[in-house]
Amino acid sequence: MRPMIDETSAVNYVPTLPYDLVEEEILSRLPVKFLLQIRCVCKSWNSLISDPRFAKKHLSMSTMLRFHFVRCSSLLGRNTVASCPPQCIFTTDVTQLEYPSYNFDYPRRHVIVGSCNGILCLANVLFVDDSYVVILWNPSLRKVKELPQPRYPNLSSISYAFGYDIVRDNYKVVAVLWYNVYDNSGDLLEKAVVMINTLGTNFWKNTKEFPFNSRIVHNESGIFVSGTIN
């Protein structure tokens, strides 16, 4: 005689996947835009997707093309930022990014300092009455963080660089500050000092005076390549 089967139990039974399998093999392989959409499915998924460790894993497992050009332009008083793969010079495969809702004091005079792991660093290049802003922007998460302003006496201009410190496992912004000073003969000299801000801190660390001729890199942003700022 065949065993009786509870039809109600059979209908209500839903197979489940191990949580580790969902994290390791499914969620970590999804595009960012889908991850943002499914965060509201349950609290555990929202916590997982918001976890910095998951972000690192997702980045390491990404099968998408890592290299993208990011360009910033201003048209009719409106700033736009676009991302495109290297082959976009031959095609129209350009992704228009939703510009961060942040009020720059001089919105038409900002530049992209650099980008790293999907995070963009933007800064005002117009230095007037100590009015300048540096922000970190994650277009995927639509989050913006303003950094504290570096201060130095007799400041004349600032250049920035943005990168990732693999040793400290954190993002850093490097600022080269040019300032004016008189020598013993009364001549006006221009010198530079280097400061570093580490993400998560609210201060700039004064490292040392810039050892090279400031005219070489004046007002130029540093480029982050192979783990170093150049």
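Computed quantities for the displayed model
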quantity: Residues being surrounded by fewer than 17 Cβ atoms within 10 Å (Cβ to Cβ) and under 16 Å from L122 (Cα atoms) - total across segment 147-156; calculated: 2
quantity: Long-range neighbours under 8 Å by Cβ, at least six apart or interchain, first residue over 17 Å from L21 (Cβ atoms) and without any contact (Cβ under 8 Å) to a residue 40 or more places away in the chain within segment 45-60, second of a type outside the set (D, E, K, R) and not in a helix (DSSP H, G or I); calculated: N46/C40
quantity: Qualifying helices (runs of 4 or more DSSP H) (wholly inside segment 9-74; at least 3 residues being closer than 18 Å to N117 by Cβ, at pLDDT 65 or above and more than 17 Å from the chain's Cα centre (by Cα)); calculated: none
quantity: Test: residue in segment 184-192 that is on the phi > 0 side of the Ramachandran plot and either free of Cβ contacts under 8 Å to residues at least 12 places away in the same chain or of a type in the set (F, W, Y) (or both); calculated: yes
quantity: Yes/no for V144 being within 30 Å of I38 (Cβ to Cβ), among the aliphatic types (A, V, I, L, M) and modelled with pLDDT of 80 or more; calculated: yes
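Listed here are the residues, each with its yes/no results for (1) part of a strand (DSSP E or B); (2) in contact with a Ser or Thr (Cβ under 8 Å, 6 or more places away or on another chain); (3) modelled with pLDDT of 85 or more; (4) within 24 Å of V32 (Cβ to Cβ).
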| site | (1), (2), (3), (4) |
| --- | --- |
| S115 | yes, no, no, yes |
| P148 | no, no, yes, no |
| Y160 | yes, yes, yes, no |
| V167 | no, no, no, no |
| Y179 | yes, yes, no, no |
| N184 | no, no, no, no |
| E190 | yes, yes, no, no |
| N206 | yes, no, yes, no |
| P211 | no, no, no, no |
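The values are calculated or read from the model by the stated rules, or taken from the named source; none is laboratory data. Keep in mind that what you see is a predicted model, and the values were worked out from it rather than measured. Ideal geometry is used to build each Cβ from the backbone, glycine not excepted, and the neighbour counts take in all protein chains shown.
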